[in-house]
Amino acid sequence: MTAPEISEALKHLVVDALDDIKGIEIVTLDVEGQTDIADFMVVASGTTNRQVKALTDSVVVKAKAAGYTVNGVEGDDNAEWVLIDLGDVICHVMLPKVREFYDLERLWSISLKQDNDVIAED
């Protein structure tokens with residue numbers, strides 16, 4: 001399997017793990033052209049701290065079971081916003097109010113638009 005195929009497979013694993021625990025508004029962002037830290041970001045919400053923790057645990061357990069390395073998990077102590085670093089895929093699981101406040105989807109789409117604007121001017 002090539003590196004892009006591995007990233008794509010990991011992205012699907014993360015989405016499936018979130019969907020299994022009824023993650024809300026699961027969104028995948030292709031950030032490969034915007035950053036060197038990851039190829040994809042997956043953003044999802046959970047209705048309560050307990051569900052955010054369950055969603056996070058599901059992703060970690062399924063990733064490890066499939067042989068992927070979990071580089072780190074941040075924020076699981078209060079489970080309002082948990083970040084899971086899987087290398088090529090970074091997963092953000094948040095409470096709806098936190099997700100609305102930080103609006104990562106808009107933030108990354110602005111970055112993409114600005115990159116495209118700069119390219120168009122050259």
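The values are calculated or read from the model by the stated rules, or taken from the named source; none is laboratory data. None of the values given here were measured: they were computed from a predicted structure. All Cβ positions, glycine included, derive from the backbone under ideal geometry; neighbour counts span all protein chains shown. Keep in mind that these areas ignore ligands, DNA and RNA; they rest on the heavy atoms of the full protein, side chains included. Shrake-Rupley method; radii C 1.70, N 1.55, O 1.52, S 1.80 Å.
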(message) When the residues of the stretch 48-62 are narrowed to those that are of a type in the set (D, E, K, R) and either touching a Gly at 6+ places or on another chain (Cβ under 8 Å) or surrounded by 12 or more Cβ atoms within 10 Å (Cβ to Cβ) (or both), which ends up farthest from Asp16 (Cα to Cα)?
(response) Lys53
(request) Find all pairs meeting these conditions: Cβ atoms under 7 angstrom apart; at least six residues apart or on different chains; first residue within the stretch 86-102 and touching a residue at least 12 places away in the same chain (Cβ under 8 Å) and of a type outside the set (A, V, I, L, M, F, W, C); second residue open to solvent by less than 10 Å² (accessible area, probe 1.4 Å) and in a helix (DSSP H, G or I). (result) Asp88/Ser7; Asp88/Leu10
(request) Please state which of the following conditions Asn71 fails to meet, knowing it meets all the rest: (1) more than 25 Å from Ser109 (Cα to Cα); (2) within 13 Å of the chain's Cα centre (by Cα); (3) of a type in the set (S, T, N, Q). (result) (2)
(request) Check Ile26 against each of (1) of a type outside the set (Ser, Thr, Tyr); (2) surrounded by fewer than 17 Cβ atoms within 10 Å (Cβ to Cβ); (3) out of contact with any Asp or Glu (no Cβ under 6 Å at 6 or more places or on another chain) and name the one condition it does not meet. (result) (2)
(request) Kindly list the number of the only condition in (1) open to solvent by 80 Å² or more (accessible area, probe 1.4 Å); (2) among the aliphatic types (A, V, I, L, M); (3) closer than 15 Å to His92 by Cβ that fails for Ala65. (result) (3)
(request) Starting from the stretch 1-14, take each residue that is farther than 14 Å from Met41 by Cβ and list its partners that are open to solvent by less than 30 Å² (accessible area, probe 1.4 Å) and not β-branched (Val, Ile, Thr), counting only C-beta distances under 7 angstrom and pairs at least six apart or across chains. (result) Leu13/Ala63
